[in-house]
Each structure stands twice: as structure tokens, then as C-alpha cells.
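Please read the structure below before turning to the comments.
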Protein chains: 2
Amino acid sequence: MTETLRVGLAGLGVVGVGVIDILQKNREEIKQRCGKYLDITVIAARDSGKDRGVDLTAYRWASSVDEFYEEDDVDIVVEMIGGSDGFAYDVVAEGLKRGKHVVTSNKALMAERGYELAERADEQNVALFFEGAVAGGIPVIKTLREGLAANNISSVYGILNGTCNYILTEMQETGRDFDDVLMEAQNLGYAEADPHFDVDGIDAAHKTVLLGAIAFGIRPDMSHIMIRGIRQITALDFLYASELGYVIKLLGRTRMEEDGTIIQMVEPCLVPEGNTIAVVNGVLNAVSINGDYIGNTLSVGPGAGKEATASAVVADLVDIARGSRTPAFGRPAKQLKTIVEGSRDEIAYKFYLRLLVADKPGVFADIATIMRDHDVSMEAIIQRNDDTSGPVPIVMTTHHVQQYKMKHAIQLVADKLELEAEPVLFRIEDV
Amino acid sequence: MTETLRVGLAGLGVVGVGVIDILQKNREEIKQRCGKYLDITVIAARDSGKDRGVDLTAYRWASSVDEFYEEDDVDIVVEMIGGSDGFAYDVVAEGLKRGKHVVTSNKALMAERGYELAERADEQNVALFFEGAVAGGIPVIKTLREGLAANNISSVYGILNGTCNYILTEMQETGRDFDDVLMEAQNLGYAEADPHFDVDGIDAAHKTVLLGAIAFGIRPDMSHIMIRGIRQITALDFLYASELGYVIKLLGRTRMEEDGTIIQMVEPCLVPEGNTIAVVNGVLNAVSINGDYIGNTLSVGPGAGKEATASAVVADLVDIARGSRTPAFGRPAKQLKTIVEGSRDEIAYKFYLRLLVADKPGVFADIATIMRDHDVSMEAIIQRNDDTSGPVPIVMTTHHVQQYKMKHAIQLVADKLELEAEPVLFRIEDV
């Protein structure tokens, strides 16, 4: 076998630069660990002239997929462009077709087209690894695929988007509202100019779907996940949550129910303050895995950023150099099943509900009566009568109640009373 | 290649039974994940007649190492006996000699003779894996060896002994003293009848040495670790620590200093209450890894027990079935260096000091003067004058000060004043 593996890089954002940095600086160290040199040969990126702070002079420059492969000097393709089509998809698909190993940090690509790509990788008996796509600094893909391979996994959940966690932490600590904190996060570089993928939960959903695919042996499929972002959360919600002993986190969760169906969701949840995941703040990520033999485990670490993701990408390269050919989703793609989605409405959760009602006598009794008559058992209620005569916020938490009953009760309340705003309903994650 | 890997088990305690349970129950699932059946062929354990709750009738029974290998029906040896010599060592050494892969959950064996065994495994090009030896439910060996392979690690530390953590948590929560809680832990099965290995820190030291070997590419060597157990901690220390904003944890730590020397230790430390590791309670383990690209990560999970350790052992088996041949300590044994131990005395730490002095006028001023004159800057001091005329406890925490200065100052205090008990000194872990 050759002593050197030749690496082609597609995409040269911060992660790409980080990968080059590690491969250059730790070249000998890496050779010690895996017995081979990992040497970059070709780079595909938009602007070849831009100064990125690393020395690129030794590498060939490609501006098309054809050029990327034309010299036949690539053993492993590293794709860090992002997006599920265009150059990102093409360079990976063509690489697999040519029998190259692929490492990618692209969650959209893997969540949306990972099944097809995994099939191609299996056919060619090459590796398709994507540790950098989920929770950068926490090797959760490896942990699920290998470290916990003996377990039947029952659920995986966690804080999977650092931008949202940064915004929520800031809201919690400073009492400011979403728009205000988002703008600050954008100025600080923690949020994109177009924050849609992050704050609307898409990014976390990509990651949740990838974790579910490995955990349950199912094909990644973005059409079977409920997604809700964090725009709806107000400073008031943090105040009430805190008073009730909770913090608010955007959680991604994939879980197998007792009947074997799977429910996947990304949504803001109330988490008890005493829970370890509640103190995971700022841009950190956290992943909790629950298995039949392992019980519960939790890992916390940097979720994204140049260094952490680059470190994950290089770890995949080292694994390939060491000969690892574990299938992308932990078992051959042909064995991955189609998800059978459970009915979330039937599941009993605890809820947090915030209503804004016109301040008239008896509204509180009306709400309490409707809840009682429809099997919603309230755990705590906060209603404050200020001097103002404007609308009154009423906040409550419930005991476990099936979601369809909860929604029905809220509908009845809305029918009967004058609601001054859309009811805000969050699940309480009490695991 | 064969579709079945034949597994020989040496040792049939709770972990061994757990491994059999997983291999029997998840046989098809495991085949899906690694493409091969993992079938037990032979078992070596003391009492073949005892009912262990699993069906052993299909397996051959061996009462010596010769018998274990005589039928040539073993591809992988799983050693779960414990101890660094006798049958445990012999069955592993002989297995490697015969070119068998080895999986072991035996930390003493790997910490004390792991270098020699890793050399043998390398010569035969077979796997020698030991995920089950450290923090059972947390795949920390795999994380260090593979997941963070791109990083230069600066330190690894954590709560590595569930028995001690259980005892310390109980002391903290109930205010009881060590002996009392130890007895209860023994009755509950959380501590052995002879608790020496656990409460005196040996078990945590074995694990720390193994983590250090992988993190820094050094030979595991039990002669270069400072070990201190938890017997010296009193209920009073928990009270004072709490008043000062700390909890007490037994931490194992291996760290590379700036000059490249390595300092390894197991000792009770004060940890700030706000630190994530401070809320890891009961029999849980936690491991924090710090690397140049990864920053800080923390993993929490069950540290021992039948299921968690068995899960780790089977994960190693699955890795071997998938073809993984990563060297035992992450790089070829011949490349592992001899540790160059740093001088702990030169390092500046923060300290917690508890003194018991005869209650005479001016003792406090005497202590404060000695500390000041010898560069020990005090951060907080607790001295209470009860009505009683007995000895008075004086507790203080310091700012960073080199350990030799701290010890020197304590010696001077002991020379000048009448100490009624040995001074108690704990390091404050403020990372």
C-alpha cells in the first residue's frame, strides 16, 4: 500500500482552511497515528487569489469537477462547500463513481441525499464519512456508529445548533428579545446574514435526521421531521420559564416509540434547570444518547467553528488511512429501512402554554374549567394582575397529556375567549 | 473471509455475563452492523456449574490456558478476569502469541503491562482493544484514539471511579462521614468488601495512565503517577467547600506542561459548583478532553456496571469484525515514548487548606503572617470562634501558588503553632 493518501479539497471556507492548517502542521503526528501521510494535491474553490492565511502554492487548482479529477491525483475527496446540489453534490457523486473515498462536513447533502450516496459508496467499497457534519467537536457519529454498536438505541437528542444556543443563552442572561440578540449575533459572526437555516431549525433538523439514520438504521429523510425554530420565543417566556424552574433550549430529538415507530422533531423545549443539558450555554453543542445497555450518556463540546469541524474532518481522514470502511450510516445502505413515522399527537408530553387574554372577570376560571373538562391537568399557573387594563398573560405548565388533547383544549379556549395573540405552546423535555 | 468470528471468553463475572447476553440477544443486529456473526465458542471461568442467568450449554469450557486454545476455535479472546498477572495475563499473552485479537476490560493489566502486550499485538498485526477498561459507558478510548486523532491533546481529566464518586456524592448530600457512607456503599454493592483499589485511588490511576498513554503517545507506566484516595476527606470539608462555592471530587488528570513534561495525578480536588463536572453525581463518570483544535469537551455516562462495560467490550468486538486494527494506544507501540515526568512542586495551583489549631490568642495572625511572608496569597478564610475552648479549625483557599511554597509555608506554620491534626491540603481544579 502507498505511504501517502492524496487528498482533494472542495470548498475553502473557514473549515477548509482549518483542515489545511491541521494537515500541514500535524503532518508527522498524523503519519505516526495512521501510518500514512495525508497530502493535499488539489483544491476547488471560488477565488484562487484570495489570501486565506495558509500556504496554497503547492496545490493544483480546479474550477470544475472535471478539472478536479482530471489528473487522477486524488484518493480521498473532502467536500466542505455545503448545500445538497450543485458543485457539492457533483464532486461527491463523481468521486464515488470513480472509487474515491469521501469525507464531507455537509449536513444538508447527507440529510437529503445521503442514502443515495451511501449506496454508491457501498457499491465501490469506499468510505463515506461525515463526522464534521454533526456537532463538530463531539465525535457523535463515531460514537453512535461504533462506540455504541452493541446497543439498541432508544433516543438521541441534543443541542445541535450553536447559533440558536448562543441566541437563547443571551436572551436568558440579558432579558433581551430575539430580534435584538439576533442582530448582535450577526455582528459578532455567530449568525449568518441570512439566518434562516439556523434560527428556523433546518440546520438542527439535518443533524437530527443524520443521527436518527445511524441510531435506528433508517434512510435519512427530511420529509419525516417536525421542525420549529426559535423566532416565536420572547423575553417574557424566559422570565416565566425561569420562575417555573426551567430554561429554554432548541432541541433536536429522534426517538423510537414502543411500537417501533419513530418520531423526529426540532423545537424549542423547556428543560429543567437541574438537567445537565440546561447548563450547556453559548455556542456549545450537547448530545444525549440513550441505549439499552449504555443507559444515558451526554457529551458536550464545541459544535461548529473552524477548528472543531476541521478536527472532525481530519479524524475521518485518519480513519480512512487506518483502513476503516464502516458503512456511512453504520450498516450497508441496502439494509437501511424506510422510516415509519409515529403519531406525535398520541404521545403524552408535559407542556408550557402562554396565552394573552383580554382582562375580563372570570377568564381564568373559564380556562381552568376547559382544561379540567378535557383531561389537561395543570401543574403550575402564573397569572399576574397588574394595574394596567390591557391584555393579561396567563402561563401554565401541565402534567403529561396527549398532544391532541392539549391542542383541542387550546382550540376550545380560543373559541370561548378573546385571545390577543396566538397561543404559544412549548413541550417540556423532562428526561 | 469467514462470516463468523469465534469468540473465547475468559472470566465470567457480571461483565462477562453481560457480554454473553448482548451477543445472544443482538446477534442479528450485530451481524447487520459489522457483516459477521460473533459467536462464543469457549469460556474459561472458575465455577462451570453456577447458574448465571444465561444459557451456556453451547459453549466449550476451559479450565486452563492450554485448554482454552487447544481446539483452535478462537479468533478473538475477551479477557474480563482482572488483575495484571495469573490467568488474565497468561490467556492474553498466549492469545497474542497465537495471533488472536484481544479485547479486555482489565485496566490493571493494560496499565501495568499494556506496553509489552501492545508490542506483541503489533508484531502479529492483531487488535488489542480495551474500551471497557475506562469509563465503561463513555467511548473515551475510541474518542481519544480516533475521534480526536487530528489534535495535539493538552490534558485529559475526569471522574473515573464510580465508587468514589458515589461515596463523595453521599457525603456531600447527607453530611455523613466517610466510614459511614463506605459501609452503606458496601451493603448496596457499590463498593467491594475490600475497597482498597477504589477508595485509595488505584483504579482511577490505572485509568488515568491509560488515557495519558493514548493522549500523549507514551508508554503506560504506573510508577509515574501521584495517587491519593478519599479516606482523608471529612464531612467538615464538604461543609467548608460548600460555603466557599465548591464540591469535592476525586479527579484523575494527565496533562502535558508547556515544557513537554507530563504530570499525572489522582487526588481529591475542589471543583467550583458552576463547573459541569461538579454536577456529575453518584456512580456516573465524566471525562474532559482538551486539544488544540477541539478546545474542551466533556462526556458523562455510566462508568462501570454490567451493561455499560459489556457494551464497550462488544463495541470493540464489532470494530474488530469491521476490520479495525488501530494500534492499542493509537500509534505503533515502538513509537510510544517513555514519560518525562514534570515537577509538580514547581507548578502553581490554587489550594484549599484545613488546619486544626489550639485556640490561643494570635494564632490567626501568626498563620496570616507566615503565608504572606512566603508568597502564599489567601483568597478566602473561614475561622469560627465557637464557645468551646477546644481546638479551632481554620480553613483557607489560596490564589495560585507554586506547590513547594505552599508546602513550605504549611511546614513553618506547623513548626510555630500547635497543630491538633495533620494539615489537610486539597488542590482546587479551576479549569
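The values are calculated or read from the model by the stated rules, or taken from the named source; none is laboratory data. Everything quoted here is computed from the prediction, not taken from an experiment. Ideal geometry is used to build each Cβ from the backbone, glycine not excepted, and the neighbour counts take in all protein chains shown.
Points worth noting:
Yes/no matrix, rows are residues, columns are (1) β-branched (Val, Ile, Thr); (2) surrounded by fewer than 24 Cβ atoms within 10 Å (Cβ to Cβ); (3) in contact (Cβ under 8 Å) with a residue 24 or more places away in the chain:
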| residue | (1), (2), (3) |
| --- | --- |
| B:Ser84 | no, yes, yes |
| B:Tyr89 | no, yes, yes |
| B:Asn106 | no, no, yes |
| B:Ile138 | yes, no, yes |
| B:Thr143 | yes, no, yes |
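- In segment B:332-344, the residues that are buried (at least 22 other Cβ atoms within 10 Å of the Cβ) and either touching a Pro at 6+ places or on another chain (Cβ under 7 Å) or within 14 Å of another protein chain (Cβ to nearest Cβ) (or both): B:Leu336
- Scan of segment A:186-215 for residues that are aliphatic (A, V, I, L, M) and surrounded by 21 or more Cβ atoms within 10 Å (Cβ to Cβ), ordered by number: A:Ala191, A:Val199, A:Ala204, A:Ala205, A:Val209, A:Leu210, A:Leu211, A:Ala213, A:Ile214, A:Ala215
- Segment A:21-70: number of residues that are under 32 Å from the mean Cα position of the chain (by Cα), surrounded by fewer than 15 Cβ atoms within 10 Å (Cβ to Cβ) and either under 24 Å from A:Arg98 (Cα atoms) or not charged (D, E, K, R) (or both): 6
- Any hit, segment B:345-365, residues being under 30 Å from B:Val15 (Cβ atoms) and surrounded by fewer than 22 Cβ atoms within 10 Å (Cβ to Cβ): no
- Close pairs (9 angstrom Cβ cut-off, 6 or more residues apart or separate chains): within 9 Å of chain A (Cβ to nearest Cβ) in segment B:23-42, assigned to a strand (DSSP E or B) anywhere: B:Leu23/B:Val7; B:Leu23/B:Leu38; B:Leu23/B:Asp39; B:Leu23/B:Ile40; B:Ile30/B:Tyr37; B:Ile30/B:Leu38; B:Cys34/B:Leu5
- In segment A:229-285, residue nearest to B:Leu298 (Cα to Cα) [restricted to those that are in contact (Cβ under 8 Å) with a residue 40 or more places away in the chain and of a type in the set (Gly, Ala, Ser)]: A:Gly282
- A:Arg354 under 27 Å from A:Arg255 (Cα atoms) and more than 14 Å from chain B (Cβ to nearest Cβ): yes
- Here B:Val19 passes the criteria (1) assigned to a loop (DSSP other than H, G, I, E, B); (2) in contact (Cβ under 8 Å) with a residue 40 or more places away in the chain except the one numbered (1).
- Every test in (1) without any contact (Cβ under 8 Å) to a residue 40 or more places away in the chain; (2) touching an Asp or Glu at 6+ places or on another chain (Cβ under 6 Å) is passed by A:Arg120 save one, and that test is (2).
- Answer residue from segment A:254-310, given it is among the aliphatic types (A, V, I, L, M), closer than 30 Å to B:Asp21 by Cα and facing chain B (nearest Cβ under 10 Å) and is farthest from the chain's Cα centre (by Cα) among those: A:Ile294
- Residue check, B:Asp259 part of a helix (DSSP H, G or I), charged (D, E, K, R), surrounded by fewer than 21 Cβ atoms within 10 Å (Cβ to Cβ) and not assigned by TED's automatic domain parsing to the domain that holds B:Gly82: no
- Single residue of segment B:122-132 satisfying the filter (surrounded by 24 or more Cβ atoms within 10 Å (Cβ to Cβ) and over 19 Å from A:Ile289 (Cα atoms)) that is farthest from the chain's Cα centre (by Cα): B:Leu128
- Cβ-Cβ under 9 Å pairs, at least 6 apart or on other chains, segment A:184-200 side over 22 Å from A:Glu267 (Cα atoms), far side of a type in the set (A, V, I, L, M, F, W, C): A:Glu184/A:Ile167; A:Glu184/A:Ala191
- Segment B:311-331 - residue that is in a loop (DSSP other than H, G, I, E, B) and within 8 Å of chain A (Cβ to nearest Cβ) and, of those, surrounded by the most Cβ atoms within 10 Å (Cβ to Cβ): B:Gly330
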